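Here is the structure we will look at, set down as structure tokens.
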């Protein structure tokens, strides 16, 4: 009798072990790693969207908020399943190198130049962003750069190039190596100029004391895409989860949420939904 009971317990234990393995694997497939720019995190947008996605799909999203460049570097190493980025030139290179399986337009806002209320460099008189940067350099006014290889940093470097200015190494040009929210805080503390995405600035403006001094230039458009990391190149990525997230971001209901985000709290939408539009039509 005792022997029979032992065999029975052994069989049950074996069955439990056999069942436990598939359950663990199933749980693993429900985890998604999202590498994204800090602006989607700092603005609060992901806090509004991710709970909806997780409730609808059962996926759990682990968010890694870094600059767009770092996010794409993670994707290129197979360390993320899906990306949400805003650096179009770098994104195109990412896709051309076979790192992504699909890239879809999600939304846009725009970049703005903010600075001290007294505007010591006279930036408010500039007709566009390159002229604004020339004025800042000409007055050796303090400029705080993210310096983190993000989409914002890439845009900033292009504006300096258009302005014909090389700021690196100049005493008035300081790099934080931080995300957008933290860089705004540094700029506010030191009363310097900086380039920011409108969404993050709107969400934090009451604590900054740094008004907009230049905006509306078409070169300041800030476009976001969702990119699924290629399972052909990285077989271990969660391709199904990445696809589910990408499709959620461009779905009509989500686009409606994006378009409404920020209106009640800040009096203006922080992002404009763009799924299904052409890149050329934005900002017109």
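Miscellaneous remarks
- Percent antiparallel among DSSP beta bridges (both partners in segment 111-220, rounded to 5): 60
- Against the main long axis of the alpha-carbon atoms of the chain, helix 239-250 sits at an angle near 40°.
- Against the chain, whose longest principal axis comes from its Cα atoms, helix 2-29 is set at around 20 degrees.
- Relative to the longest principal axis of the Cα atoms of the chain, the long axis of helix 129-138 lies at roughly 60 degrees.
- Neighbour counts of C-beta atoms inside 10 Å place 234, 172, 160, 201 in the sequence 172, 234, 160, 201, starting with the fewest.
- Alpha carbon Rg of segment 56-200, scaled by the compact-globule rule 2.2 N^0.38 Å: 1.16
- Remark: 112, 64 ranked as 64, 112, counting other beta-carbon atoms within 10 Å and listing the fewest first.
- Listed from fewest to most Cβ neighbours within 10 Å, the set 134, 233, 127 follows the order 127, 233, 134.
- With 0.36 nm allotted per residue and the present C-alpha distance subtracted, the residue 56-residue 186 stretch has 43.0 nm of extension available.
We did not get these values from a lab; they are worked out from the coordinates using the rules stated. This structure is a prediction, so every number in the text was calculated from the model and none was measured. Methodologically, a virtual Cβ is constructed for each residue, glycine included, from the backbone with ideal geometry; neighbour enumeration extends over all protein chains shown.
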